[in-house]
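Student: Can you keep this structure in mind? I'll have questions shortly.
The values are calculated or read from the model by the stated rules, or taken from the named source; none is laboratory data. Keep in mind that this is a model prediction, so the values were computed, not measured. Ideal geometry is used to build each Cβ from the backbone, glycine not excepted, and the neighbour counts take in all protein chains shown. Only protein heavy atoms, including side chains, enter the accessible area calculation; ligands, DNA and RNA are left aside. Shrake-Rupley method; radii C 1.70, N 1.55, O 1.52, S 1.80 Å.
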Amino acid sequence: MPALVHRADARGIRTLTLDSPKNRNALSRDLMEQLHSALAEAAGSEDVRAVVLSHTGNTFCAGADLTDPTSTPEALVRLLRTIVELPKPVIARVDGHARGGGLGLIGACDIAVGSVASRFAFGEVRLGVAPAVISLTLLPRLDPRAAARYYLTGEVFDVAEAHRIGLLSDVHAEVDTLLEGVTGALRRCAPQALAEAKRLVTAEVLAAFDRDADSLVALSSRLFASDEAREGMTAFLERRDPPWAR
C-alpha cells in the first residue's frame, strides 16, 4: 500500500501530511486508516506536544472518495472522533481547497489556520446527499445562520468567510506565519494542562458524537444508497449537470 500520510517531527510538533494527489486527498479507506494509525501513534508518544494536519498540492481534502466503495461513514466517524479525543492539540494547516468531508476534518481540529488562496464548500446537496456525519464536528462550531446557508446551497465561500463563520481560527497570506505563532505558543504549555484544556473545549463536540453519531451514520448510508445520489455522483464523475440542476 502506498504511503498516503507522511510524518515529520520538529521540536515536539508532529506534522502529518495528507499526500494522495491522485484523488486530491479524498477520504479513501486507505487514507483514513493511515491517518488514524498516525494519530494513534502521536497520541502515545511523550515526545509529541501537538499535531499539525497538513497536505500536499492545492487541495487540503476533497471530501469523500466517490470512487472507493469501501470508504464508509463509520470509518469517518472513527477518524473524526480520534482527532477530537486526541489528548494533544491538533492544528489544521489549510493552504488549499476543502470540500465536504475535508471541512469535517477541519472542524475536528482544535485550531485551524488558512491561507487566502483557500476555498470551501459543502457540495453534498448538489450530489444528492447531505453533510451528515461531518455535522458532528461542524455544527457545534459554526455560526448557525451561515451553516444553514452553505449546507442548503452548496455555494463556494472564501477564506475570510470561513474565518467569520467559525470554520477557521485565523487567516493570513502566508499560512506558515500563523502556524509558527500557534506552535510556538503550544511549546510553552504543560502537557497535562493542554490535555485538560482540550477536554474543556471539546466537550460539546464529543456530546454530539455520543448523541447523534449512530443516527447520522444511518442517514448518510441511506442517502448514499439512493437513486438520487447515484445519479448525482455519476453526473459529478462524468463532469455533467444532474437532471435537477436548472
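Student: Fully extended, how many nm does the chain gain between Thr153 and Ala245 (0.36 nm per residue separation, minus their Cα-Cα distance)?
Tutor: Values: separation 92, 0.36 × 92 = 33.12 nm, distance 1.21 nm.
Roughly 31.9 nm would be gained on extension.
Student: Step through the residues of the range 61-67 one at a time and calculate ³J(HN,Hα) from phi using the Karplus curve (6.51 cos²θ - 1.76 cosθ + 1.60, θ = phi - 60°), rounding each to whole Hz and writing x for Gly and Pro.
Tutor: With coefficients 6.51, -1.76 and 1.60, one gets 6, 7, x, 4, 7, 6, 9 Hz.
Student: Tell me the carbon and sulfur percent of the accessible area for the chain, rounded to whole percent, probe radius 1.4 Å. List each step's numbers first, then the result.
Tutor: Values: 6300 of 11950 Å².
Its accessible area is 53 percent carbon and sulfur atoms.
Student: Can you find, among Pro69, Ala132, Ala185, the residue sitting farthest towards the positive end of the charge dipole of the chain, where Lys and Arg contribute +1 and Asp and Glu -1 at Cβ?
Tutor: Ala185
Student: In whole Å, what are the Cα extents of the range 1-110 along the three principal axes, biggest one first?
Tutor: 38, 27, 27
Student: Can you give me the accessible area per residue for the chain, using a 1.4 Å probe, in Å²?
Tutor: Values: 11950 Å² over 246 residues.
Heavy-atom SASA per residue in the chain reads 49 Å².
Student: With a bin width of 10 angstrom, please list the P(r) values of the chain as percents of all Cα-Cα pairs, from the 0 bin to the one holding the largest distance.
Tutor: Pair shares across the bins are 7, 33, 39, 17, 3, 0.
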